[in-house]
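The values are calculated or read from the model by the stated rules, or taken from the named source; none is laboratory data. Keep in mind the model is a prediction, meaning the values are calculated, not measured. Note: ideal-geometry Cβ built from the backbone for every residue, glycine included; neighbour counts use all protein chains shown.
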């Protein structure tokens with residue numbers, strides 16, 4: 001009997017959502033996604049080597065010389081305080097505080113000659129997440145989210161393939177990449193594609209609301225009393241009646257609606273919870289917010305999400321180490337990152353998912369070859385050479401691409417611009433140089449704006 005009542009309640013909610021969309025069309029308020037198909041007609045042009053992508057954005061800019069590009073023969077600051085350790089692959093040494101990752105280098109393509117020319121976090125983040133230079137604008141702050149931004153990788157696939165199996169094409173978690181409490185950096189949403197193609201953002205703010213716990217928006221289990229579901233339906237009607245025209249309201253509306261659609265699409269919402277994961281698996285990842293988010297990311301791609309972006313929780317403890325660089329790196333930064341990253345790779349591999357899942361590790365830039373004058377000292381922003389890493393998804397592992405000079409200051413061979421790096425991600429996911437997306441005016445834009453690193457595949 002309960003199942004019948006629950007089904008009736010679901011139907012009432014769906015009817016409310018349908019009525020809302022109808023009202024939006026009549027009133028001329030509908031976003032473009034409601035005026036046509038949510039998924040763009042542009043097909044992918046070649047066989048993808050990866051079915052999904054997990055993008056680990058290491059917020060703040062991790063130091064290349066204290067992660068994957070150690071300089072043991074250098075002198076002074078470029079040498080740093082840490083020692084390299086041998087990895088599973090002969091000839092590839094990485095930092096001593098990344099021992100778990102060192103055991104998995106057979107899966108990694110380490111690009112040591114990444115570069116661009118943007119020294120601000122916002123511009124670097126936009127470059128790293130979109131492959132496109134951020135267009136300077138006024139008034140300040142010029143690097144915050146704006147409808148003129150290029151779309152994130154996830155937003156592109158929101159338009160290309162749309163929602164499937166009750167889940168969106170793209171999910172971002174667990175926090176915004178931002179400056180302070182309000183300055184959200186450009187490149188994290190759909191930008192000029194229109195906000196209806198924003199990735200679903202599942203953020204966790206309260207200390208008791210951790211990644212891997214069912215997000216508050218989705219906490220509507222099968223046992224929820226019908227009266228509560230009816231109240232939610234009533235709330236939707238009230239929102240209809242009091243709807244405002246501001247873009248912020250439209251954006252919140254669509255995010256909320258997506259959450260409700262996921263909630264009522266069978267058990268899709270369970271992908272956001274790690275409750276049923278074994279204690280051993282949880283321990284493998286760790287209890288850090290980044291670690292729990294990585295485990296959620298694995299569950300999401302396992303459930304059919306195309307792109308999951310996991311941001312290092314930079315507002316709490318980030319890799320922007322202008323001071324106390326070495327102490328932070330060896331205690332609160334590298335150990336939890338190493339554990340979670342290695343756990344994600346090993347878990348995907350054990351489940352047979354790594355071959356179909358591209359795992360991206362990258363920050364917005366690297367750190368200076370010299371130390372600054374802070375007490376204790378740190379390294380400042382440095383985009384002219386840094387390291388990014390690809391694994392799985394058809395990428396050849398056990399190799400490094402390019403190199404930096406002895407001071408880890410500039411590329412020494414095979415410089416790789418960030419636009420080629422992002423193009424490689426799109427290529428792995430099935431895009432070609434003819435794949436198009438369309439902005440809010442219907443104008444076509446090529447997804448890729450550079451040549452992928454074809455040599456990494458096969």
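Being modelled with pLDDT under 95 and more than 19 Å from the chain's Cα centre (by Cα) is a property that residue 378 lacks.
Kindly establish whether residue 421 is touching a residue at least 60 places away in the same chain (Cβ under 8 Å), part of a helix (DSSP H, G or I), more than 29 Å from residue 288 (Cβ to Cβ) and assigned by TED's automatic domain parsing to the domain that holds residue 101. It is false that residue 421 is touching a residue at least 60 places away in the same chain (Cβ under 8 Å), part of a helix (DSSP H, G or I), more than 29 Å from residue 288 (Cβ to Cβ) and assigned by TED's automatic domain parsing to the domain that holds residue 101. Residues satisfying the criterion are present in segment 356-371 (criterion: surrounded by fewer than 19 Cβ atoms within 10 Å (Cβ to Cβ), more than 17 Å from residue 103 (Cβ to Cβ) and more than 19 Å from the chain's Cα centre (by Cα)). One residue is enough: does segment 299-306 have a residue meeting the conditions more than 16 Å from the chain's Cα centre (by Cα) and in contact (Cβ under 8 Å) with a residue 60 or more places away in the chain? Yes, some residue in segment 299-306 is more than 16 Å from the chain's Cα centre (by Cα) and in contact (Cβ under 8 Å) with a residue 60 or more places away in the chain.
Scanning segment 304-346 for residues that are farther than 22 Å from residue 371 by Cα and in a loop (DSSP other than H, G, I, E, B) yields a total of 7.
When segment 66-87 is limited to residues that are in contact with a helix residue (DSSP H, G or I) (Cβ under 6 Å, 6 or more places away or on another chain) and modelled with pLDDT of 95 or more, the one that is farthest from residue 397 (Cα to Cα) turns out to be 81. Taken across segment 187-196, residues that are in contact with a helix residue (DSSP H, G or I) (Cβ under 8 Å, 6 or more places away or on another chain) and surrounded by fewer than 19 Cβ atoms within 10 Å (Cβ to Cβ) do not occur at all. Set side by side, the residues 430, 393 differ, and just one is part of a loop (DSSP other than H, G, I, E, B) and surrounded by fewer than 21 Cβ atoms within 10 Å (Cβ to Cβ), which is 430. Pairing residues of segment 324-335 that are farther than 10 Å from residue 62 by Cα with residues that are surrounded by 23 or more Cβ atoms within 10 Å (Cβ to Cβ), at Cβ distances under 6 Å and at least 6 apart in sequence or on separate chains, gives 325/379; 328/321. Filtered by the rule that a residue be surrounded by fewer than 16 Cβ atoms within 10 Å (Cβ to Cβ) and farther than 19 Å from residue 455 by Cα, segment 398-416 gives 406, 410. Would you check if there is a residue in segment 144-156 being in contact with a strand residue (DSSP E or B) (Cβ under 6 Å, 6 or more places away or on another chain) and modelled with pLDDT under 90? Scanning segment 144-156 turns up at least one residue that is in contact with a strand residue (DSSP E or B) (Cβ under 6 Å, 6 or more places away or on another chain) and modelled with pLDDT under 90. Looking at 396, 451, 367, just one residue is farther than 23 Å from residue 177 by Cβ and in contact with a strand residue (DSSP E or B) (Cβ under 8 Å, 6 or more places away or on another chain), and that residue is 396.
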